[in-house]
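Only one structure is covered here, and it is reproduced in the block below.
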Amino acid sequence: MNLVIGGTGLVGSHLILELLSREEKVKVFVRPGSSKNQILQTFRYYNNEAQILFDKLEWVEGNIMDYSSIVNALEGISRVYHCAAMVSFSPGDKDLLLRNNVDGTANVVNACLKKKEVKLCFVSSIAALGHSEDSEEVTEAHSWKPTIKRSIYSVSKFKSEMEIWRGIEEGLEAVIINPSVIIGPGNWKNSSSAFFPLVYKGLKFYTHGVTGFVDVRDVAEIMIQLMNSGVKNDRFIVSAKNASFKELFHLIAKALNVSPPKYEATPLLLNIASRLDGIKSAITSSQRKISDDTISAATSQNAYSNRKIRELLGFEFRNMEQTINDCAGFYLGQMWNKGKS
Ligand SMILES: NC(=O)c1ccc[n+]([C@@H]2O[C@H](COP(=O)([O-])OP(=O)(O)OC[C@H]3O[C@@H](n4cnc5c(N)ncnc54)[C@H](OP(=O)(O)O)[C@@H]3O)[C@@H](O)[C@H]2O)c1
């Protein structure tokens with residue numbers, strides 16, 4: 001039996017669907033009070049029998065900050081997929097982000113070590129990798145270095161991954177994936193899924209930042225293939241294509257049939273926007289939307305190599321234009337349905 005931690009998220013809900021489509025049994029670890037709706041919604045995008053699939057799921061309540069709830073959830077489990085994390089670039093979330101992601105992952109590792117005979121798949125990030133010093137693509141061998149200024153999210157993902165490596169040293173069987181920016185239909189207000197409403201509502205600015213992008217369905221398939229293989233105690237970049245944010249926004253705009261952002265967000269403009277956002281946040285006690293970390297994420301230029309996973313699994317990634325067209329279709333379909341109700 002599989003346990004999915006973080007099943008209500010973008011990655012987790014697609015992973016659950018992929019596991020069910022392979023006739024696997026799935027127990028979902030959910031925080032008390034969290035909405036399970038995202039899981040059902042994800043099923044509806046791809047499957048006409050979403051409710052029937054949803055009814056096959058087993059549930060267990062818990063929180064990765066609560067060690068005993070994970071020990072309890074591991075009853076009868078041989079495979080654990082840990083996709084839970086807080087994703088935030090807001091400076092005000094620093095302490096919570098570190099505690100939730102790092103201490104929470106330490107709890108998952110310790111519970112798996114106690115249970116024994118469990119294989120763990122951990123969703124890390126390219127944020128836990130180093131940068132390439134020349135213009136070469138970043139590989140799994142590039143180590144994260146504290147000397148380079150990194151976002152708190154990046155620190156939290158690096159330290160979380162370190163907990164997995166610590167567990168491996170203590171006898172844990174684990175495999176780690178480091179996905180780039182994941183594209184897919186999730187909560188349209190959150191992380192990468194939020195690009196679609198942003199562009200739809202007339203985003204004006206783009207940046208020349210470059211990073212990797214990958215379809216959430218490819219992430220889910222690779223996780224399962226790695227868990228079903230004899231591979232362990234290794235990490236893999238999961239990224240289909242390197243592209244600029246300008247290219248990404250143009251493809252999204254084309255798929256949504258709206259105008260793409262016209263103006264380049266220069267460093268000076270971004271700096272002013274960040275300062276104004278800081279003042280607004282201080283006055284209104286609201287969450288920061290633009291910070292040094294978001295600016296750095298949007299303007300850095302890093303390309304990622306997917307050679308290791310392609311060669312290991314013979315995996316062919318989906319085409320980025322197709323990924324964006326599919327996701328735009330899901331977004332427009334949901335807007336259309338909301339408009340009707
Ligand atoms: N999205 C990307 O572009 C991207 C790229 C690279 C790596 N990643 C990594 O991929 C993983 C999944 O990301 P995602 O995009 O699917 O995120 P997401 O949509 O924000 O989902 C996060 C999931 O984590 C759960 N969670 C957070 N804190 C928890 C806790 N204390 N106890 C139990 N569950 C908790 C959330 O549950 P609730 O419903 O209770 O909030 C939710 O199910 C994360 O580790 C993220 O760092 C994401």
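The helix-based estimate of mean residue ellipticity at 222 nm for the chain, built from -39,500 (n - 2.57) per DSSP H run of four or more residues and divided by its residue count, is -13500 deg cm²/dmol to the nearest 500. Taking the longest Cα principal axis of the chain as reference, the axis of helix 216-228 is set at about 30 degrees.
In the elastic network of the chain, a GNM with C-alpha springs shorter than 10 Å, the most mobile of 266, 323, 294 is 266. Here is the list for the range 125-171: trypsin sites (Lys or Arg not before Pro) lying in DSSP coil, each with at most 14 other C-beta atoms within 10 angstrom of its C-beta, are 149. Taking each residue as 0.36 nm, the span from residue 59 to residue 299 lengthens on full extension beyond its C-alpha to C-alpha distance by 82.3 nm.
Exposure proxy ranking for 105, 8, 147, based on other Cβ atoms within 10 angstrom of each Cβ and starting from the fewest, stands as 147, 8, 105. Multiplying the residue separation of residue 96 and residue 68 by 0.36 nm and removing their Cα-Cα distance gives an extension gain of 8.1 nm. Annotation: lysines with alpha-carbon distance below 21 angstrom to residue 94 (same-chain offsets under eight excluded): 145, 149, 157, 159, 189, 280, 289. Positive end of the charge dipole of the range 201-252 (Lys, Arg +1 and Asp, Glu -1 on Cβ, about the Cα centre): tell me which of 213, 233, 223 has its Cα farthest that way. Farthest towards the positive pole: 213. Count the net charge of all other residues whose Cβ sits under 13 Å from the Cβ of residue 119, scoring Lys and Arg as +1 and Asp and Glu as -1. Cβ neighbours under 13 Å give a net charge of +1.
Along the Cα-to-Cβ line of residue 191, 7 Å from the Cα, sits a label point; which residues in the range 133-157 have backbone N less than 17 Å from it? Label zone hits: 151-157.
Sorted largest first, the principal axis extents computed over the alpha-carbon atoms of the range 1-137 equal 49, 36, 31 Å. Once both labels are positioned 7 Å from their Cα atoms along Cα-to-Cβ, the gap between residue 257 and residue 169 label points is 5.7 nm.
Site pair residue 232 and residue 75 shows an inter-label distance of 2.6 nm when each label is modelled 7 Å from Cα along Cα→Cβ. Fraction of C-alpha pairs exceeding 37 angstrom in the chain: 15 percent, rounded to a whole number. Among bridges DSSP assigns within the chain, what percent are antiparallel (round to 5)? In the chain, approximately 10 percent of DSSP beta bridges are antiparallel ones. A simple spin-label model places pseudo-atoms 7 Å from Cα toward Cβ; at residue 21 and residue 335 they are separated by 2.6 nm.
Each other residue within a Cβ distance under 10 Å of residue 142 adds +1 if Lys or Arg and -1 if Asp or Glu, for a net charge of -3. Count Lys and Arg as plus one, Asp and Glu as minus one, and take only other residues whose Cβ is under 11 Å from that of residue 165; the net charge is then -2.
A short reminder: the numbers here are calculations on the coordinates, not readings from a lab. Not measured: the values here are computed from a predicted model. Backbone-built Cβ (ideal geometry, glycine too); neighbour counts: all protein chains shown.
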